[in-house]
1. Among what's in segment 5-20 and is without any contact (Cβ under 8 Å) to a residue 40 or more places away in the chain and under 33 Å from the mean Cα position of the chain (by Cα), pick the residue that is surrounded by the fewest Cβ atoms within 10 Å (Cβ to Cβ).
2. Could you please give the count of residues in segment 22-40 that are in a strand (DSSP E or B), in contact (Cβ under 8 Å) with a residue 60 or more places away in the chain and either surrounded by fewer than 11 Cβ atoms within 10 Å (Cβ to Cβ) or not aromatic (Phe, Trp, Tyr) (or both)?
3. Test of understanding: among ALA98, ALA123, ALA108, which residue is buried (at least 16 other Cβ atoms within 10 Å of the Cβ), touching a residue at least 12 places away in the same chain (Cβ under 8 Å) and in a loop (DSSP other than H, G, I, E, B)?
4. Could you tell me which numbered condition PRO295 fails, if it satisfies all but one of (1) surrounded by fewer than 20 Cβ atoms within 10 Å (Cβ to Cβ); (2) modelled with pLDDT under 95?
5. Of everything in segment 448-477 that's touching a Leu at 6+ places or on another chain (Cβ under 7 Å) and farther than 18 Å from TYR282 by Cβ, which residue is surrounded by the most Cβ atoms within 10 Å (Cβ to Cβ)?
6. Only one of ILE12, ILE67, ILE57, ILE77 is part of a loop (DSSP other than H, G, I, E, B) and either at pLDDT 95 or above or among the hydrophobic types (A, V, I, L, M, F, W, C) (or both); which?
7. Could you say whether any residue in segment 404-420 is touching a helix residue (DSSP H, G or I) at 6+ places or on another chain (Cβ under 8 Å) and either part of a helix (DSSP H, G or I) or not assigned by TED's automatic domain parsing to the domain that holds ASN249 (or both)?
8. Checking the conditions here, which among ASP437, ASP457, ASP406, ASP441 is acidic (Asp, Glu) and touching a residue at least 24 places away in the same chain (Cβ under 8 Å)?
Amino acid sequence: QRGTALEQAKPIFTGDKTSVAVSGWVLFDDKTPLSLVTEAHTFYTASQYVYQDGKLIGLPLPQDAEIKGYFKGKLFIELKSDLTNKDGNFKQGAVVYADVADLIAQKAKFSLFVSPTQTASIAQLSFSKSAIFVNWLDNVKSKLVRYEQDEKGAWQSTQVPFEANGALTVMDVEQDSDDFFVNYTSFLEPSSLYTVNAKTLNPKKIKGMPQQFAADKFKTEQYFATSKDGTKVPYFVVMAKDLKLDGTNPTLLYGYGGFEVSLRPSYSATIGKNWLEQGGVYVLSNIRGGGEYGPAWHQAALKQNRHKAYEDFEAIAEDLIARKITSSKHLGIQGGSNGGLLMGAAFTRRPDLYNAVVCQVPLLDMFRFNKLLAGASWMGEYGNPDIPEEWAYIKTYSPYHNLHKDVHYPKVFFTTSTRDDRVHPGHARKMVAKMKDMGIDVLYYENIEGGHAGAADNNQAAELNSMAFAYLLQQLR
């Protein structure tokens with residue numbers, strides 16, 4: 001109970017020391033609380049328990065499935081791999097549900113709620129008093145759909161009327177109400193807040209951020225590049241409406257490609273003022289490793305397949321050049337954290353392809369990443385370098401181990417923070433020291449504050465951004 005001294009509290013569950021995390025949490029449907037305990041064995045696998053009447057009961061769920069919600073006595077889960085059982089065959093990325101009472105009794109009967117398509121994945125699930133809302137990502141464009149069960153138990157769907165070219169985020173959905181909020185944005189439209197009623201589906205704009213740059217002078221296009229293995233990889237280009245396709249446009253290609261994180265269209269006054277209005281082209285890549293097409297898109301670049309994400313990124317760079325939007329001389333790239341690893345791999349794999357690299361709070365020494373700070377928890381993503389056969393594929397892209405003295409590299413700008421408690425600043429420090437020892441020209445900035453964000457306040461963020469854009473314009477214009 002609240003206020004009980006810790007030494008008097010009764011332990012409910014103790015996780016194994018080799019697990020990544022243990023947590024207790026509560027889900028609510030319209031009436032009943034459901035107390036859960038989760039033991040995450042790795043970043044992507046977990047065991048789930050219900051705590052009821054002083055007992056802990058394991059739930060018969062796939063360890064790689066993710067609990068998405070609790071609605072009218074049923075537990076909804078998203079599948080990260082195919083599930084075949086007596087109830088049927090359920091696709092990877094589908095959301096299925098079962099009665100909680102049956103799960104507790106170990107007699108679960110799963111039913112399909114929604115399933116992904118070749119182009120559409122499930123970005124978000126939200127549960128109101130009377131309906132379930134699915135935020136679909138269809139070719140990286142958001143679509144919000146309401147689902148209600150009819151008298152026969154069949155799910156009926158209705159789309160909420162929002163523009164298709166932006167990104168939606170559903171907010172503040174409560175299961176005792178039918179009102180909620182939606183944030184809508186795009187590359188050229190500032191973030192706007194709408195209120196939506198789950199019954200009428202009539203969005204009403206409450207307030208929007210003001211325009212901070214001349215967005216009417218620019219346009220957004222979506223293209224698809226063909227990766228080395230034939231996979232079509234989407235990317236967005238934000239550029240001037242009167243852009244000349246002569247290969248001379250300063251172009252910034254941004255990427256991440258990991259941990260099932262989807263990069264969606266979003267408004268940035270910083271990019272608008274400091275890049276687009278300065279004559280630059282901005283490109284957002286949707287490479288494998290992200291979640292743009294569901295779990296399969298992420299898993300396609302895990303561990304020994306990490307190179308797929310890097311091949312996707314290179315394919316987009318080459319496609320930009322083929323379209324004469326830019327050329328290698330005018331092409332710069334940027335990414336942070338796992339995206340910083342992407343930057344390191346990009347310029348060591350294909351130094352000829354880029355003329356500027358902004359590598360922020362990066363992972364770079366992949367032989368020791370699991371020894372530093374939170375690194376051990378990411379072995380589900382990259383593999384374990386202490387296992388020889390796994391190090392054999394990790395070392396093929398580890399940026400620190402793929403530097404060569406006789407290779408001409410673009411002048412890279414590394415940034416990190418002394419107080420980064422997620423990715424150790426030692427990664428960037430070691431990389432820069434090694435490059436300097438090899439006589440390679442390099443730029444380095446280490447902020448003493450800011451943690452993994454690299455900046456502690458708006459003034460520091462402005463200073464960091466101004467350095468990055470000044471560097472990019474110096475290298476590419």
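The values are calculated or read from the model by the stated rules, or taken from the named source; none is laboratory data. These figures come from a predicted structure and were not determined experimentally. Don't worry about glycine lacking a Cβ; one is built from the backbone with ideal geometry, like all the others, and counts go over all protein chains shown.
1. Step one: filter segment 5-20 for residues without any contact (Cβ under 8 Å) to a residue 40 or more places away in the chain, giving 5-11, 14-19.
Remaining after also requiring under 33 Å from the mean Cα position of the chain (by Cα): 14-19.
Details: THR14: 8, GLY15: 16, ASP16: 9, LYS17: 5, THR18: 8, SER19: 16.
Here the answer is LYS17.
2. Applying the first criterion (in a strand (DSSP E or B)) to segment 22-40 yields 22-28, 33-40.
When the remaining residues are screened for being in contact (Cβ under 8 Å) with a residue 60 or more places away in the chain, the result is 28, 34.
From what's left, either surrounded by fewer than 11 Cβ atoms within 10 Å (Cβ to Cβ) or not aromatic (Phe, Trp, Tyr) (or both): 34.
So the count comes out to 1.
3. On the way: ALA98 fails: in a loop (DSSP other than H, G, I, E, B); ALA123 fails: in a loop (DSSP other than H, G, I, E, B).
Step by step, each of ALA98, ALA123, ALA108 is checked, and only ALA108 is buried (at least 16 other Cβ atoms within 10 Å of the Cβ), touching a residue at least 12 places away in the same chain (Cβ under 8 Å) and in a loop (DSSP other than H, G, I, E, B).
4. That leaves (1) as the condition not met.
5. Of everything passing the filter in segment 448-477, GLY454 is surrounded by the most Cβ atoms within 10 Å (Cβ to Cβ).
6. Values: ILE67 fails: part of a loop (DSSP other than H, G, I, E, B); ILE57 fails: part of a loop (DSSP other than H, G, I, E, B); ILE77 fails: part of a loop (DSSP other than H, G, I, E, B).
Unique residue meeting the criteria: ILE12.
7. Among the residues of segment 404-420, not one is touching a helix residue (DSSP H, G or I) at 6+ places or on another chain (Cβ under 8 Å) and either part of a helix (DSSP H, G or I) or not assigned by TED's automatic domain parsing to the domain that holds ASN249 (or both), which makes the answer no.
8. Details: ASP437 fails: touching a residue at least 24 places away in the same chain (Cβ under 8 Å); ASP457 fails: touching a residue at least 24 places away in the same chain (Cβ under 8 Å); ASP406 fails: touching a residue at least 24 places away in the same chain (Cβ under 8 Å).
Sole residue among the options that is acidic (Asp, Glu) and touching a residue at least 24 places away in the same chain (Cβ under 8 Å): ASP441.
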